[in-house]
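In what follows, a structure is listed as structure tokens, so that the remarks can point back to it.
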Amino acid sequence: MQGRHARQGRLYRHCRLNFTVSPTSTVPSMPPAEPLAAVPSPTDAALITAWQGGDEQAAAELVRRHARALARFLAGAGAPEPDLDDVVQETFIRAFRAVGTFRGQCRFRTWLLTIGGNVLKDAHRRAKRTRVVPLADDLRSTDGDPHERAVAAEAERRLGDGLGRLTRMQREVFLLRAQQGLEYDEIAAALGTTPGAARVHYHHAVRRLKECLT
């Protein structure tokens with residue numbers, strides 16, 4: 001019992017988003033070194049197996065590998081910005097607790113995003129409110145002249161309004177397809193529908209978003 005509680009405590013630490021990566025980050029100069037042979041990165045399946053076998057660093061690597069994509073998906077799906085880190089953390093915690101049920105029926109990231117969608121729905125039910133956050137981070141850029149910033153802000157507002165008017169299924173299909181680049185069969189497996197239905201939801205979403213942006 002104590003061992004299980006101790007491991008759960010470490011799981012919470014692994015799922016905390018206590019790191020940031022900036023595109024402008026620099027690395028201190030290092031002396032030249034002999035080139036090393038490329039070591040292939042472990043697959044998600046290998047990391048899951050390692051985690052189940054007690055390798056704590058495997059969980060940390062899965063978080064590092066997928067946290068940013070998960071956060072972008074949740075933001076686009078309506079996670080309030082102040083709560084985004086908490087929703088991401090709760091998603092990873094649920095995923096690690098349920099990882100024994102993952103059978104490789106889809107990619108791990110697809111499965112993770114599905115869990116994230118469920119966590120977000122639970123949060124919305126508790127809060128009884130929904131706020132859509134823009135799909136693209138670069139719409140928030142403060143670079144450029146005031147006119148460009150105003151245009152970006154208006155595009156952000158329209159996109160948020162458009163996403164908010166979609167049905168839940170249309171919004172999730174659109175984000176998984178347009179933002180994450182998933183195929184329709186992967187989306188169907190993740191959301192419990194058919195590839196044909198996923199395609200229809202996507203095209204309906206695109207049409208409605210175009211109406212909002214024109």
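At a Förster distance of 45 Å, what's the computed FRET efficiency of GLU81 paired with ALA45, Cβ-Cβ distance as r, to 0.05?
Working: r = 33 Å, r/R0 = 0.73.
Calculated transfer efficiency: 0.85.
Going by average Cβ neighbours within 10 Å, how do the peptides 94-103, 196-205 rank, with the highest at the top? Provide the component values of the computation, followed by the final result.
Values: 94-103: 14.4, 196-205: 17.8.
Result, highest mean first: 196-205, 94-103.
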Taking the mean number of other Cβ atoms within 10 Å as a proxy for protection, how do you rank 50-58, 108-116 from highest to lowest? 108-116, 50-58
Per-residue HN-Hα couplings for the stretch 64-75 [Karplus 6.51, -1.76, 1.60; θ = phi - 60°; Hz; x = Gly/Pro]: 4, 6, 10, 4, 5, 5, 4, 5, 5, 4, 5, 4
Pop the C-beta distance of GLN52 and VAL200 into the FRET formula with R0 = 45 Å and round what comes out to the nearest 0.05. 0.75
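We did not get these values from a lab; they are worked out from the coordinates using the rules stated. This one's a predicted model, so the numbers in the text were calculated from it and none came from an experiment. FYI the Cβ positions are ideal-geometry reconstructions off the backbone, even for glycines, and counts take in every protein chain you see.
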